[in-house]
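Chemist: Take this structure first; my questions come after.
The values are calculated or read from the model by the stated rules, or taken from the named source; none is laboratory data. As the structure is a prediction and not an experimental result, all values here were calculated from the model. Neighbour counts are summed over all protein chains in view; Cβ atoms, including those assigned to glycine, are modelled from backbone coordinates with ideal geometry.
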Amino acid sequence: MTPEQLKRIHAFWAEAYGFDATALDHPGFSLVTLEGLASPPRLVVLRTDRAAVVFVPPFLASRLRASLAPFEGQVVTASDVQAALGDVPTTPGNADFILYHDDTRSPAQDDPRIRRLQQEDASSLDDLNAAVSDLERDLGNVSMEHDVVLGYFEAGRLLGAASLIIEDDVADVGVLTHPEARGRSVGRALVGALAAEGTRHGWLVQYTTMERNVGSVKIAQATGFVPFAVEEALRVTESQ
């Protein structure tokens, strides 16, 4: 990944959460107070290999700053934050693994089985969404309403679909594979095609998946995505 790409990624996250992007360049952790985390009360930890930013609601800021003092210079995790909060009851959420496509990688070759979906393909996409589980549908998040939607066809049948949602210059990947087509590199081919499309447009192509979803992470890394950060959340289960 180029330094310019990394700079753009840092700027995107700094704007999204409202903090100084240099916090991601300095080893250790930074604490950022956000009013928006007060209701419902929660904390978020965004950590890379060298830095962590802990977003905290105002009513917990002083307490957490003192409790995390022994971790100065370390990349803290949500577990560290949870322990530092002591008797404040919290519940951890899923850890999201965030990757970005490395534009220095060669783009995927065109695959004749992959094309843009048109409105007449909407019913096929509906069938694909119906074939997967509710969780897979929610995590995959592919809709005809998205900015770029690609489909993978064999013998006229839609076996997988993937999309990009564009926010500013960041393109977020979603992908679904029909249960009968798993293990045939359908998802990998679609993600590679989306990455090539995003790179042509100069977008930052972002891939987010649950950290424990090893298969999804492997697809991303096989198609030129590199890890950037893990985003973890802690929900405060009682008001303090």
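Chemist: From (1) surrounded by fewer than 20 Cβ atoms within 10 Å (Cβ to Cβ); (2) without any contact (Cβ under 8 Å) to a residue 60 or more places away in the chain; (3) more than 20 Å from the chain's Cα centre (by Cα), pick out the condition that doesn't hold for Ala14.
Modeler: Here Ala14 clears every test but (3).
Chemist: Considering every residue within the stretch 143-150, establish whether at least one is assigned by TED's automatic domain parsing to the domain that holds Asp127, modelled with pLDDT of 95 or more and surrounded by 21 or more Cβ atoms within 10 Å (Cβ to Cβ).
Modeler: Looking through the stretch 143-150, at least one residue is assigned by TED's automatic domain parsing to the domain that holds Asp127, modelled with pLDDT of 95 or more and surrounded by 21 or more Cβ atoms within 10 Å (Cβ to Cβ).
Chemist: Pairs only if they're at least six apart or on different chains, beta carbon under 6 angstrom, first in the stretch 178-199 and closer than 18 Å to Arg116 by Cα and in the same structural domain as Leu139 (by TED's automatic domain parsing), second part of a helix (DSSP H, G or I) and at pLDDT below 95; list them, first residue then second.
Modeler: Gly187/Ile219; Arg188/Ile219; Arg188/Ala222; Val191/Ile219
Chemist: When the residues of the stretch 17-30 are narrowed to those that are crowded, with 18+ Cβ neighbours inside 10 Å and either among the aliphatic types (A, V, I, L, M) or in a loop (DSSP other than H, G, I, E, B) (or both), which ends up nearest to the chain's Cα centre (by Cα)?
Modeler: Taking the candidates together, the pick is Leu24.
Chemist: Oh, and also: Is it true that Leu139 is surrounded by fewer than 23 Cβ atoms within 10 Å (Cβ to Cβ) and over 20 Å from Phe97 (Cβ atoms)?
Modeler: Considered against the rule, which asks whether it is surrounded by fewer than 23 Cβ atoms within 10 Å (Cβ to Cβ) and over 20 Å from Phe97 (Cβ atoms), Leu139 comes out as no.
Chemist: Please identify the pairs in which a residue from the stretch 63-81 that is free of Cβ contacts under 8 Å to residues at least 40 places away in the same chain has its Cβ atom under 8 Å from the Cβ atom of a residue that is part of a helix (DSSP H, G or I), counting only partners at least 6 apart or on another chain.
Modeler: Partner pairs satisfying both residue conditions: Leu64/Val81; Leu64/Ala84; Ser67/Ala84; Leu68/Asp80; Leu68/Val81; Leu68/Ala84; Asp80/Phe71.
Chemist: With a cut-off of at least 2 residues that are under 20 Å from the mean Cα position of the chain (by Cα), modelled with pLDDT of 95 or more and over 23 Å from Glu154 (Cβ atoms), name the strands (runs of 3 or more DSSP E) lying wholly within the stretch 38-133.
Modeler: 42-47, 51-56, 96-101
Chemist: Here's something else I'd like to know. Pick out the one residue from Phe29, Phe19 that is touching a residue at least 40 places away in the same chain (Cβ under 8 Å), more than 30 Å from Glu197 (Cβ to Cβ) and not acidic (Asp, Glu).
Modeler: Phe29
Chemist: Of all residues in the stretch 157-173, which are surrounded by fewer than 19 Cβ atoms within 10 Å (Cβ to Cβ) and touching a Phe, Trp or Tyr at 6+ places or on another chain (Cβ under 9 Å)?
Modeler: Ile166, Glu167, Asp168, Asp169 - these are the residues of the stretch 157-173 that are surrounded by fewer than 19 Cβ atoms within 10 Å (Cβ to Cβ) and touching a Phe, Trp or Tyr at 6+ places or on another chain (Cβ under 9 Å).
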